[in-house]
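The values are calculated or read from the model by the stated rules, or taken from the named source; none is laboratory data. Values in this document were obtained by computation on a predicted structure and should not be read as measured data. Note that each Cβ is placed from the backbone with ideal geometry, even for glycine, and that neighbours are counted across all protein chains shown. For the accessible areas, the whole protein counts, side chains as well, though only heavy atoms, and no ligand, DNA or RNA atoms are used. Shrake-Rupley method; radii C 1.70, N 1.55, O 1.52, S 1.80 Å.
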Amino acid sequence: MVGPALALVVVAAVWGVTFTVVDSSVVAIRPADLVVWRFGLEAVLLYLIPSAGARLDRALRLRSVWLGVLLGTGFLLQTFALTATDAIQSGFLTSVLVLLAPMLALVLFREKVSRTAWLAVIISAAGVAALSLNRPNFGIGEVLTLAAALSWSLHLVLLSRWARPEQALPLARVQILVVALMGLAALASDALISGRHMGLTIPSDGEQWHSIAFLAVLSTAGAMVLLSWAQARVRVIKVAVILTLEPAVGAVTAVIAGSPLTGRIVVG
């Protein structure tokens, strides 16, 4: 299982960097616009790649749509949350999925968790808790981030149950397309509520385009294919524990970008 585990480590590392990239991007680009650019470009990219795997049957295609809804809900909530909280806090709170995922697996599918796995969960959760105490006050940004973590936890559990290794690419395609459409729906809703003309914000400089390219190609397209492939081979509890590398990488990236490094972050 070294291959799938290593793939999940790569996903966690890339997603850890993503927190800082998104946090800086939402200053200039509206959250829904960022989701549309990120997932729209990724959908185009994935549909241009020839697929050698088996095609999705009707049942799995429908399940992929539901997975996309959960994924999109999480990304929209987190992107909006980053307008009201910082990258380090967002990364830490997102990792409560290490607690939520095994609980959901137990409740929904009666999936047993070994003592060793629970020990790993407890140690990971302790680290996440220490990191989360970086900022004591909870506001709307933190609440939205926790809601995103719940949505992603359910996504992890269901993806582990439904994914098939040979269908990683088509499974990722459907999910990403759904998320892109959800971003467009969010833009339309905002225009309807505010009375403004619905328009997609165009990135204004090279730095913004570089951020979007990173988000679309590496942190979404590449990461989602790896995630779909790896989760077909690894139990959800192990996936959740490995993905707690994400906030650690996010913290390092945020500190490099200028956030203060505290003793509590180091301990966490």
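Normalised by the number of residues in the chain, what is the relative contact order in percent for Cα pairs under 8 Å and 6+ residues apart?
Details: 403 pairs, mean separation 115.4, N = 268.
Reported as a whole number, the value is 43 percent.
Please compute the per residue accessible area over the chain with all protein chains in place, 1.4 Å probe, rounded to a whole number of Å². I get 46 Å² per residue for the chain. Taking 25 Å as R0, compute the FRET efficiency from the Cβ-Cβ separation of residue 107 and residue 57 and round it to 0.05. The formula returns an efficiency of 0.35 here. A DSSP coil position with no more than 13 other Cβ atoms inside 10 Å describes the following trypsin sites (Lys or Arg not before Pro) in region 34-119: 55, 110, 112.
Distances over 27 Å make up what percent of all Cα-Cα pairs in the chain? Of all Cα-Cα pairs in the chain, 35 percent lie more than 27 Å apart. Using the average count of surrounding beta-carbon atoms within 10 Å as a protection proxy, the listed peptides 123-129, 148-154 rank, highest first, as 148-154, 123-129.
Estimated from the Cβ-Cβ distance and a Förster radius of 25 angstrom, the FRET efficiency linking residue 188 and residue 48 is about 0.45. Counted as membrane-span-like here are DSSP H helices of the chain whose alpha-carbon atoms extend 18 Å or more along the helix's own axis and whose Kyte-Doolittle mean is -0.5 or above; these are 2-25, 31-48, 58-81, 115-132, 140-162, 168-194.
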